[in-house]
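This report refers to the structure that appears directly beneath it.
The values are calculated or read from the model by the stated rules, or taken from the named source; none is laboratory data. The structure presented is a predicted model; accordingly, all values stated were derived computationally and were not measured. Glycine also receives a Cβ, built like all others from the backbone with ideal geometry; neighbour counts cover every protein chain displayed. Heavy atoms of the whole protein, side chains included, go into the accessibility calculation; ligands, DNA and RNA do not. Shrake-Rupley method; radii C 1.70, N 1.55, O 1.52, S 1.80 Å.
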Amino acid sequence: AQTVTQSQPEMSVQEAETVTLSCTYDTSESDYYLFWYKQPPSRQMILVIRQEAYKQQNATENRFSVNFQKAAKSFSLKISDSQLGDAAMYFCAYRSEGTSGSRLTFGEGTQLTVNP
Amino acid sequence: DTGVSQDPRHKITKRGQNVTFRCDPISEHNRLYWYRQTLGQGPEFLTYFQNEAQLEKSRLLSDRFSAERPKGSFSTLEIQRTEQGDSAMYLCASSLETDSYGYTFGSGTRLTVV
């Protein structure tokens with residue numbers, strides 16, 4: 001079974017600075033998807049960024065980018081120019097490729113605080 | 001379409017009572033998922049539907065839990081004989097079968113069993 005580990009329960013960053021959230025996963029599959037979700041206090045999970053395992057190029061979405069190291073099974077999220085609205089719980093998630101692998105497996109989460 | 005809707009937002013019930021939650025997915029999404037999230041933890045998969053068929057159930061889904069999606073549109077999750085350990089946020093999400101962009105989540109139903 002796949003597992004996802006986020007080793008940083010809490011992180012903090014100064015507004016306008018850069019922060020990196022770590023995620024590692026364990027799988028025997030070669031094709032899969034990785035995601036970062038944000039969950040603000042309103043509790044609705046919001047997709048931040050995704051990465052297909054077969055793509056070597058790291059995904060970017062505006063101020064958010066990932067460092068995907070397939071061999072090391074590592075998938076970190078970098079937030080540049082941090083804003084107060086980035087404060088939230090961030091979850092790393094794994095999903096298998098194919099119709100039989102619809103479930104998302106989440107990590108434990110990292111609580112990000114942004115200090116003004 | 002306003003996204004994935006869940007009702008109620010909060011539910012307080014006494015131990016031993018039955019509760020039912022409803023989820024209305026995005027209308028064109030044929031897949032619907034239920035997750036459970038306890039405080040400070042990541043969501044855990046419970047079950048998912050493709051149209052009206054329930055295709056996968058987690059071992060977390062005990063006999064007291066049942067989910068339905070009768071016409072392939074909205075879904076209900078029922079918990080019978082609630083226990084204090086059932087207290088959690090129950091999240092619903094939906095997606096297209098062909099969508100690899102992850103899911104769209106609802107805001108969840110917070111259940112408190114007293």
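Of the residues making up the range A:9-33, those that are open to solvent by less than 50 Å² (accessible area, probe 1.4 Å) and within 12 Å of the chain's Cα centre (by Cα) are A:Leu21, A:Ser22, A:Cys23, A:Tyr25, A:Tyr33. Residue count for the range A:36-59, restricted to those that are open to solvent by 50 Å² or more (accessible area, probe 1.4 Å) and either more than 11 Å from chain B (Cβ to nearest Cβ) or more than 27 Å from B:Arg36 (Cβ to Cβ) (or both): 6. Scanning the range B:51-71 for residues that are outside any strand (DSSP E or B) and of a type in the set (Asp, Glu) returns B:Glu52, B:Asp63.
Count of the range A:48-66 residues, restricted to those that are over 17 Å from A:Glu29 (Cβ atoms) and either of a type in the set (Val, Ile, Thr) or assigned to a strand (DSSP E or B) (or both), is 7. All of A:Glu108, A:Glu61, A:Glu29 fail the test of being within 22 Å of B:Tyr90 (Cβ to Cβ) and out of contact with any helix residue (DSSP H, G or I) (no Cβ under 7 Å at 6 or more places or on another chain), apart from A:Glu108.
Counting only residues that are open to solvent by 60 Å² or more (accessible area, probe 1.4 Å) and touching a Gly at 6+ places or on another chain (Cβ under 9 Å), the range B:82-105 holds 1 of them. For the range A:79-104, the candidate set comprises residues that are open to solvent by 30 Å² or more (accessible area, probe 1.4 Å) and in contact with a Lys or Arg (Cβ under 9 Å, 6 or more places away or on another chain); within that set, the residue that is farthest from the other protein chains (Cβ to nearest Cβ) is A:Asp81. Only residues that are of a type outside the set (A, V, I, L, M, F, W, C) and either assigned to a loop (DSSP other than H, G, I, E, B) or farther than 25 Å from A:Gln39 by Cα (or both) were counted in the range B:79-114, giving 15.
Among the residues of the range B:17-57, those that are open to solvent by 20 Å² or more (accessible area, probe 1.4 Å) and hydroxyl-bearing (Ser, Thr, Tyr) comprise B:Thr20, B:Ser27, B:Thr38.
State whether the residues of the range B:58-81 include one that is within 10 Å of chain A (Cβ to nearest Cβ), surrounded by 14 or more Cβ atoms within 10 Å (Cβ to Cβ) and closer than 30 Å to A:Gln8 by Cα.
yes
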